[in-house]
Amino acid sequence: MKKLKFAALVFAVGTSVLLVIFEILFYLNIISISPFQGLLKVTGCLQENNDSSFIEFCDIGQGDCTIVKSADSNIVIDFGSADDSDELYYHLKSLGIKELNLAVVTHYHEDHLGGLCDLLERMTVKNILINSSFAEDCDKEVVTRFKSLVEEREVRLIEPQIGTAAMIGRSKIEVLSFLNNADEENERSVCLRVTLSNMSVVFTGDSQWEAETALLERGISLKADILKLGHHGSSTSSSEKLINAVSPSAVVVSCGYNNFYNHPANIVLERVKAKGIKLYRTDLDGNITVTPEESGFSVSTDRGNKNDNT
Ligand SMILES: [Zn+2]
């Protein structure tokens, strides 16, 4: 009997130690499923990802906008230009989104922030994650309008902190890096990793060489299933080193059809193609929706492609 009790004790301690080790590996993003989540699923305390969770890269012309939706939270990362804000508002409504738990603005350029100003006048936005400082080349008129709307609507502003992570409903948002003292506004972009269920996406805003280097120099794991190519696929961004560090199975470019800047740049497209990474572009595919699956994720686009990237 004593032997049996001892064996049970050894088993219990051993299992606990293993669970803790796996949880640490999950936290460090070395594995993608937490053992505690697994246990909760087995015991029925945590529901499987229900059909309403997805990340949508919006076709919003030469701007950026991504919707992260789960059953219990609505997050939007960047909002495109003011010119496209009507379209964005009705699109959010069509998805059943009446308020945002969190808005993230990677930086103070019109093609990322402009659409949020109009949205603030029509929709409840509870929190905005945005740097309080900005560079000289920011869009000053947009910044002034944004600041006065935030004050008027009493929206809570959250200052990003490098290395922090927060759960917004079922979505995990990690602030990976940003440069507060860069001369160019693009280089101040807040870089993030968003994890929804077992699927993760790295966003770098309009980061270029300087900000990408700072991100890589943090020395943390940047691994994710999807990389949103920086600065609309510009040749100034998405270095070989960054793509290797993220090691995505798919990349997404947000850019306007036939845009003035010739985004995405051929050199970046070739870099992606050479690695056999699946490419999606809002200018050609329209809205791109990625949905977590039990194993990996699936992608559907307005143009009807459906690809499993498991
Ligand atoms: Zn931009």
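The values are calculated or read from the model by the stated rules, or taken from the named source; none is laboratory data. None of these values were measured; they are calculated from a predicted model. Backbone-built Cβ (ideal geometry, glycine too); neighbour counts: all protein chains shown.
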Evaluate segment 265-278: report whether one residue or more is surrounded by fewer than 20 Cβ atoms within 10 Å (Cβ to Cβ), in contact (Cβ under 8 Å) with a residue 12 or more places away in the chain and within 19 Å of the chain's Cα centre (by Cα).
yes
What are the residues in segment 198-223 that are surrounded by 22 or more Cβ atoms within 10 Å (Cβ to Cβ) and away from the ligand (no atom under 16 Å from the Cβ), if any?
MET199, SER200, VAL201, VAL202, LEU215, LEU222
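Just one of LEU215, LEU284, LEU269 is closer than 25 Å to TYR108 by Cα and either assigned by TED's automatic domain parsing to the domain that holds THR106 or not in a helix (DSSP H, G or I) (or both); which is it?
On the way: LEU284 fails: closer than 25 Å to TYR108 by Cα; LEU269 fails: closer than 25 Å to TYR108 by Cα.
Exactly one of LEU215, LEU284, LEU269 is closer than 25 Å to TYR108 by Cα and either assigned by TED's automatic domain parsing to the domain that holds THR106 or not in a helix (DSSP H, G or I) (or both), namely LEU215.
Select from segment 150-171 the residues that are within 21 Å of LEU215 (Cα to Cα) and either touching a Pro at 6+ places or on another chain (Cβ under 9 Å) or hydrophobic (A, V, I, L, M, F, W, C) (or both) and list them in ascending order. Talk me through it step by step, then tell me what you get.
Step one: filter segment 150-171 for residues within 21 Å of LEU215 (Cα to Cα), giving 158-166.
ILE158, ILE162, ALA165, ALA166 - these are the residues of segment 150-171 that are within 21 Å of LEU215 (Cα to Cα) and either touching a Pro at 6+ places or on another chain (Cβ under 9 Å) or hydrophobic (A, V, I, L, M, F, W, C) (or both).
Which one of these is within 15 Å of the ligand (Cβ to nearest atom) and either surrounded by 12 or more Cβ atoms within 10 Å (Cβ to Cβ) or at pLDDT 95 or above (or both): ASP118, ASP137? Spell out how you get there, then give the answer.
Details: ASP118 fails: within 15 Å of the ligand (Cβ to nearest atom).
Exactly one of ASP118, ASP137 is within 15 Å of the ligand (Cβ to nearest atom) and either surrounded by 12 or more Cβ atoms within 10 Å (Cβ to Cβ) or at pLDDT 95 or above (or both), namely ASP137.
Quick check: is even one residue across segment 140-148 within 16 Å of the ligand (Cβ to nearest atom) and either touching a residue at least 60 places away in the same chain (Cβ under 8 Å) or buried (at least 20 other Cβ atoms within 10 Å of the Cβ) (or both)?
So the first thing to find is which residues in segment 140-148 are within 16 Å of the ligand (Cβ to nearest atom), and the list is 142-143, 146.
Subset that is either touching a residue at least 60 places away in the same chain (Cβ under 8 Å) or buried (at least 20 other Cβ atoms within 10 Å of the Cβ) (or both): 142, 146.
Yes, there is a match, as at least one residue in segment 140-148 is within 16 Å of the ligand (Cβ to nearest atom) and either touching a residue at least 60 places away in the same chain (Cβ under 8 Å) or buried (at least 20 other Cβ atoms within 10 Å of the Cβ) (or both).
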Just the residues that are part of a strand (DSSP E or B) and within 13 Å of the ligand (Cβ to nearest atom), please, taken from segment 58-109.
CYS65, THR66, ILE77, ASP78, PHE79
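Would you check if there is a residue in segment 250-264 being over 18 Å from the mean Cα position of the chain (by Cα) and either over 25 Å from ARG303 (Cα atoms) or not assigned by TED's automatic domain parsing to the domain that holds ASP78 (or both)? Working first, answer last.
We begin by selecting, within segment 250-264, every residue over 18 Å from the mean Cα position of the chain (by Cα); these are 256-264.
Add one more test, that the residue is either over 25 Å from ARG303 (Cα atoms) or not assigned by TED's automatic domain parsing to the domain that holds ASP78 (or both), and what stays is none.
No: zero hits.
Quick check on segment 224-236: of everything there that is closer than 19 Å to THR66 by Cα and either assigned to a loop (DSSP other than H, G, I, E, B) or of a type in the set (Ser, Thr, Tyr) (or both), which residue is farthest from the ligand (Cβ to nearest atom)?
Applying the first criterion (closer than 19 Å to THR66 by Cα) to segment 224-236 yields 224-234.
If we keep only those that are either assigned to a loop (DSSP other than H, G, I, E, B) or of a type in the set (Ser, Thr, Tyr) (or both) too, we end up with 224-225, 229, 234.
Details: ALA224: 20, ASP225: 23, LEU229: 11, SER234: 9 Å.
This residue is ASP225.
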